[in-house]
Each structure stands twice: as structure tokens, then as C-alpha cells.
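Contents: one structure, followed by commentary.
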Amino acid sequence: MTRVALVLRHADEIHLGNLEQVLVEHGYTVRYVDTLGADGARGIDPDDAELLVVLGGEMGAYETESFPVLADEIALLAQRLEARRPVLGVCLGAQLMASALGSTVYRGPSNEIGYRLVEPTEAGQDGPLRHVTGIPMMQWHSDTFDLPAGTTRLAGSTAYGNEAFAIGDWALAVQFHPEVTAEMHETWLASSEAEVRAEGLDPEALRRDRAEHSDAMQKASRALFSEWLAALPGGATDPRKTP
């Protein structure tokens, strides 16, 4: 049986990355919706796909006046979550999920850019998030959120207390970027060098960090997402392997 993963994308360069292959191996057909296009997120049936994935973006979840599509995405997520249908949110996607669940999203204490440790909570260690323990994960965000009521906090970091949360085994939000491949990281660095230098960071140092940590992060990311997908309702316990 073919399942659909509907993916809300806010920029071409902020895509599924290494998660796309994992989805394919678990029997999903990936369908992107570019939400900043003409149709945005309006008209999407919240029950339409087996999995809804909401990716990152350069805007804040609270910038609904400047980006009205974000209000549409929040409404879509609220309906989807109310129906207890599988959702995955990454960075901005996690913030939009928090907003849809009634929490506040706001500027954080720092602009996190680079490979940083994420510390799973006790609940996180008991599930897929345990795979990131001791593995520096890619961070690129400056916003945060209050933990939504009815969710389980799965991870935090030195600068940000809320790095991941879940509802049961069917909704997962991660503030960090486990999907980022080495190629994506280079694209982001090349297009955001001014931002990186403004934070007092050296792009070449970040490239050295990538060379040191990216392979381990890819393995941890694959393990995390594979385990989470397999636990979804109807999830593949023995995913297809592709060449």
C-alpha cells in the first residue's frame, strides 16, 4: 500500500534532506506543497495524507501579518492534531505545531547556528530521540516556544529547554535540524554568510564541524526517523530497501 507524506515547504533549499529517503523506504510517496506559492496551504484537507510534515523557514511562526500563510498552516495543524493524525514538525514546523496547540512562540536568547548537543529527557531516552544522545545535531534557529499542554518534552539543550516534544507516538516536533545533509549545510552557509559572521561565527569553522560531525548525525537521524515512522499507525516494521 502506498502512503502519502504531504510536505509543507517554505523555501526550496529547506527541504526533506536525508528524511526523504527514509520516507521512501517506509513506503511513502512524497508530495511537496510550496506554501509561499499562489495557493499556499489553503484548501488542504487535514485528513488528506497519511503523514503531514512541516519543514523549516526563515520566518517566525508569529509573523502571520507578514506571512498570512502561516495562519493557514497553524489552522491546518490544529485540525490535524485535533484529529490525532500523524504530524512531524522541524524547526519552524515545530514552532507552528506549538502555536497550533495553544502555546506562545517567541524570540529566544540566542541565534543557534552550528552543530550542538541535544540532551534527551528521560522520556526521550525511552524512544527514538535516544539516537541523538552524544551526537552534535545541526541547529539554525533563534526562536523558541513554551511547551504545549498535553505534550511530552523529549529533549532540550544548553541554550534552549524545548528542543523536541511529542504527543503519543503519532506527533513529533523537533527544534533542531536532523534532516540537514552536508550539501544542504553548504547551501545554507553560502547563502547566509553575512548572518553567520554577524553572530561572530567563522564559516570555515562551521565547515570543519560539518566534516567532523555530519556522518554521525546522518546515522542518528536515520535511526530516529526510521524508528518513529515504524511506530506510526500502519507503520512499516520492515521497511523496503532501495538501491
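For this structure, a couple of remarks:
- Note on the chain: Cα-Cα pairs beyond 34 Å make up 9% of the total pair count.
- Rounded to the nearest 500, the 222 nm mean residue ellipticity of the chain from helices alone is -10000 deg cm²/dmol, with -39,500 (n - 2.57) taken per DSSP H run of at least 4 residues.
- Nearest-20 debye value, the chain charge dipole, Cβ charges on Lys, Arg, Asp, Glu: 580 debye
- Most to least packed among 88-100, 21-33 [average Cβ atoms within 10 Å]: 88-100, 21-33
- Distance between modelled label sites at T187 and D146, nm, 7 Å Cα→Cβ extension: 3.6 nm
- Inter-label distance for E63 and Y32, nm, one decimal - labels placed 7 Å from Cα along Cα-to-Cβ: 2.0 nm
- Dipole-positive endmost among T152, Y28, A164 within region 3-231 (Cβ charges, Cα centre): T152
- Sorted by Cβ neighbour density within 10 Å, fewest at the top, the residues D72, D45: D45, D72
- Each residue, E122 and T104, gets one label point 7 Å from its Cα in the Cβ direction; the gap between the two is 2.9 nm.
Since every read-out is calculated from the coordinates, none of them should be taken as a lab result. If you're wondering where the values come from, they're calculated on a predicted model, not measured in any experiment. Using ideal geometry, Cβ is built from the backbone for each residue, glycine included, and neighbour counts are taken over all protein chains shown.
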